[in-house]
Amino acid sequence: MKLPFARFPRLGGGLSTAAAQTAPHTQLPSARVLGFTLLFALVLSVFEGPIRYSLYLVDLDSLIFVRDALMVAALLAFVVARVPVRAVPASVGVFAVLAVVHGVVSLVNLGTPIAAVYGLKMFVPALCGFLAAEALFKPGSRVMRLVALMWIASVIGAAIDRFWIDYPWVGLNVDLGGLSVYLGRDWQSTLLKRVGGLTRSSINLAIDLPLLSFMLLIGVRSRVIRGLICALTVTVLVWTTQKGAILAYVLAVLALLLSHRKLTMPLKAAVVIATFVMVFAPTVLVHYTMPRDNGVFSFESFYERIGQMWPDAWSWIGRFPPYVMGVGLGGIGGAQRFFAPDYFNAADNLFVYLFASFGVASLAYLGAVVLIALNAQIRAFRRDGVVLASLVFLLMYGFVISLVEDQIAALWLGAALGWLARLQPAARAVVAPAPVGSQLRQGIDASGGAL
């Protein structure tokens, strides 16, 4: 099947010959393994509903954790392979130091290592994405075909869920490690079903499908097909009734349409706006009384966050003074089911989740995200611009969900930052680019050195 994709180098490429000689460690096989691990996780997420249901039928539910084990193993292989040549990326060291610091805070506050381990599990995909960004943003033609098939299957699967049948995994729960885990969440928005398609829930579909569409926008040349991809993606998002995802995707696509290689201000402004809204909502709006609302596309769930979810989250954080340190790694969200089930709080906002995990340092981390986006020097707009747009989507959707507790969102966030970090002025100076003519002939971006 021939698809209208631009030609890209195979996974693991991205450096000119001169650059490869300067940084040979970027060509180690472990880099490709890590990239394929990310794609494997993406495939599992897109088809997680039927995959988990199949495991459920043969009583092998716990095999789903192979995904996490493979990601950790690939990350360790990536790091270990670089130790002999003293080429371990600085980002790995920074991640390790921060994990230890915030893990110790968690251990002191909560008295159990479970929270820190669980919290670390949430952020490992982000580091993997940061290190292997090329797997998502400079894929080969085979990977692009796989992405196209996943996107098409997701749209068809959502349509079947919306108009024809209820999938058998919806509403099923299994016991894993003493916790009840749903195979497919049975959600309703008033009288309308929240479509989850082939994923586990409408939230997962509302994350996976837009991100798949961004990958397609990198490779598809035709404006008509690109427009069709965006239109169908919005249609499916409407079926999920995930209003935050709809808002985030429309903002990201609109900013992308208003931008070009020499005018990236709309995209970069959208990054700032999304981050501001994410921080503003749970810190300022919680002081206001919200009206009641109902209907499929009402603001009732948003009002519930303002009136209950976010105030309860701040109350939980306030139980562990000094508040500037937060609760510690894994201090809120899913980890609470193990050590504080009576105080479980989903956070439902990326800033709230980060503040609970890192305290005031979360402001510095978010500031670093914004600076990386603002300082990125766009070269190949059809790719680099889409990366920025996907970051806008994630940050804006983080306004109403914790985000990093979804593995795909976490690894994509890390990959977007990893790619944009390679577009920083200082990073481009580390690896000398090949001549422009050579880049065009090879179809590569010579700025892909390791950080």
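The values are calculated or read from the model by the stated rules, or taken from the named source; none is laboratory data. Quantities reported herein were computed from a predicted structural model and do not represent experimental measurements. Reconstructed Cβ throughout: ideal geometry from the backbone, glycine too, with neighbour counts over all protein chains shown.
Descriptive notes on the structure:
- Among the candidates Gly49, Gly103, the residue that is surrounded by 14 or more Cβ atoms within 10 Å (Cβ to Cβ) and in contact with a strand residue (DSSP E or B) (Cβ under 6 Å, 6 or more places away or on another chain) is uniquely Gly49.
- Gly197 meets each of the listed conditions (1) small (Gly, Ala, Ser); (2) in a helix (DSSP H, G or I); (3) touching a Leu at 6+ places or on another chain (Cβ under 7 Å) apart from (2).
- So Val296, is it over 30 Å from Leu107 (Cα atoms) and modelled with pLDDT under 95: yes
- Scanning segment 145-166 finds no residues that are farther than 29 Å from Ile218 by Cα, modelled with pLDDT of 95 or more, under 21 Å from the mean Cα position of the chain (by Cα) and not basic (Lys, Arg).
- Inclusion of Ala153 among residues that are surrounded by fewer than 16 Cβ atoms within 10 Å (Cβ to Cβ) and either within 30 Å of Val386 (Cβ to Cβ) or among the aliphatic types (A, V, I, L, M) (or both) is warranted.
- Within this structure, Arg319 fails the test of being within 24 Å of the chain's Cα centre (by Cα) and of a type in the set (Lys, Arg).
- Being surrounded by 15 or more Cβ atoms within 10 Å (Cβ to Cβ), assigned to a helix (DSSP H, G or I), in contact with a helix residue (DSSP H, G or I) (Cβ under 6 Å, 6 or more places away or on another chain) and not small (Gly, Ala, Ser) is true of Arg162.
- Annotation: of all residues in segment 380-403 being in contact with a Leu (Cβ under 7 Å, 6 or more places away or on another chain) and assigned to a loop (DSSP other than H, G, I, E, B), the one that is nearest to Val46 (Cα to Cα) is Leu403.
- Residue in segment 223-244 that is surrounded by fewer than 16 Cβ atoms within 10 Å (Cβ to Cβ), over 17 Å from the mean Cα position of the chain (by Cα), small (Gly, Ala, Ser) and closer than 30 Å to Phe339 by Cα present: no
- Condition met for Leu212 (of a type in the set (A, V, I, L, M), at pLDDT below 95 and either surrounded by 21 or more Cβ atoms within 10 Å (Cβ to Cβ) or over 20 Å from Val43 (Cα atoms) (or both)): no
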